[in-house]
Amino acid sequence: MIELQGLHKAFGANRVLRGVDLTVPRGESMVIIGGSGTGKSVLLKCILGLVKPDAGQILIEGQDVTRVDREAFLARFGMLFQGGALFDSLSVWQNVAFRLLRGPGKRPKAEAREIAIEKLRRVGLKAQVADLFPAELSGGMQKRVGLARAIAAEPEIIFFDEPTTGLDPIMAGVINELIREIVVEMGATAMTITHDMSSVRAIADDVAMLHDGVIQWTGPVADMDAAPDPYLQQFIHGRADGPIEAVR
Ligand SMILES: Nc1ncnc2c1ncn2[C@@H]1O[C@H](COP(=O)(O)OP(=O)(O)O)[C@@H](O)[C@H]1O
Ligand SMILES: [Mg+2]
């Protein structure tokens, strides 16, 4: 479904991506791990076309993303942004239905609202929440609304950028479980980026570790603990000592 070949991206002298190769099969849940500042968000932004890579190729179902119609391309994606990124001035249901209210697949307002309420229910929120504004919600509820928005248009591919950041461990567990359930239920291809190991174990079929601008290790989540890669082992166990320098 997603294939990255030799992806490079630098910001001035900061060479963030230095030849990323990665394949995500259709219907799989890939989790990308790596320290903060290693380029995980930049990688997602490259795929979405929000950041232009310096070199390399991005293929979606074998098609070069720079050669496809942007609007049709983006309609295939759902995205949960780091920090939620809800629109403050829109009500909860208008946030969830954002895509359904505009663009090519535009729905009548009443129908869009109904779909929004159904998606809110799917993420464990009551219909009454629909008419509140983001500022009236707790952090966990905002994440759920972001999740409802990401799935509202039933995308084929969903990206989750740090879905548990800022949540307490119990709420993080709830969000991880919801993500896993929804991805399985929708049959979507998912790519999650995180530095939270609890998310990895809850969400991943496959794991890829980004370090020094390349995929340092990739494989099924079941193989992760026994993998001999010292970078991977240091990261998953959160050790201060090892090949990854703690001061960056
Ligand atoms: N638009 C930008 N301009 C300049 N530098 C950027 C930009 N976006 C990201 N970076 C840099 O790229 C590196 C990777 O950032 P990012 O992908 O956000 O890391 P993370 O792995 O924590 O998501 C960081 O050093 C960051 O400062
Ligand atoms: Mg990030």
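Let's see how each residue does on (1) within 19 Å of residue 188 (Cβ to Cβ); (2) in a strand (DSSP E or B); (3) basic (Lys, Arg); (4) free of Cβ contacts under 8 Å to residues at least 40 places away in the same chain:
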{"position": "20", "(1), (2), (3), (4)": "no, yes, no, no"}
{"position": "26", "(1), (2), (3), (4)": "yes, no, yes, no"}
{"position": "37", "(1), (2), (3), (4)": "no, no, no, no"}
{"position": "42", "(1), (2), (3), (4)": "no, no, no, yes"}
{"position": "45", "(1), (2), (3), (4)": "no, no, yes, yes"}
{"position": "59", "(1), (2), (3), (4)": "yes, yes, no, no"}
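Do the conditions hold for residue 50, that is, is it buried (at least 17 other Cβ atoms within 10 Å of the Cβ) and either modelled with pLDDT under 95 or in a strand (DSSP E or B) (or both)? When the stated conditions are applied, residue 50 does not pass them. Within the range 140-163, the set of residues being within 19 Å of residue 193 (Cα to Cα), of a type in the set (Gly, Ala, Ser) and either within 16 Å of ligand 1 (Cβ to nearest atom) or touching a residue at least 40 places away in the same chain (Cβ under 8 Å) (or both) comprises 146, 148, 150. Across the range 185-204, the number of residues qualifying as without any contact (Cβ under 8 Å) to a residue 60 or more places away in the chain and within 22 Å of residue 121 (Cβ to Cβ) comes to 3.
Which residues, taken from the range 192-241, are in a helix (DSSP H, G or I) and of a type in the set (Val, Ile, Thr)?
If we filter the range 192-241 for residues that are in a helix (DSSP H, G or I), which is where we start, we get 197-203, 221-223, 230-237.
200, 203, 221, 236, listed by residue number.
Within the range 158-183, the set of residues being assigned to a loop (DSSP other than H, G, I, E, B) and more than 16 Å from residue 29 (Cβ to Cβ) comprises 165, 166, 167, 168.
The values are calculated or read from the model by the stated rules, or taken from the named source; none is laboratory data. Because the structure is a prediction, the values reported are computed rather than measured. Every residue, glycine among them, receives a Cβ derived from its backbone with ideal geometry; neighbour counts consider all protein chains shown.
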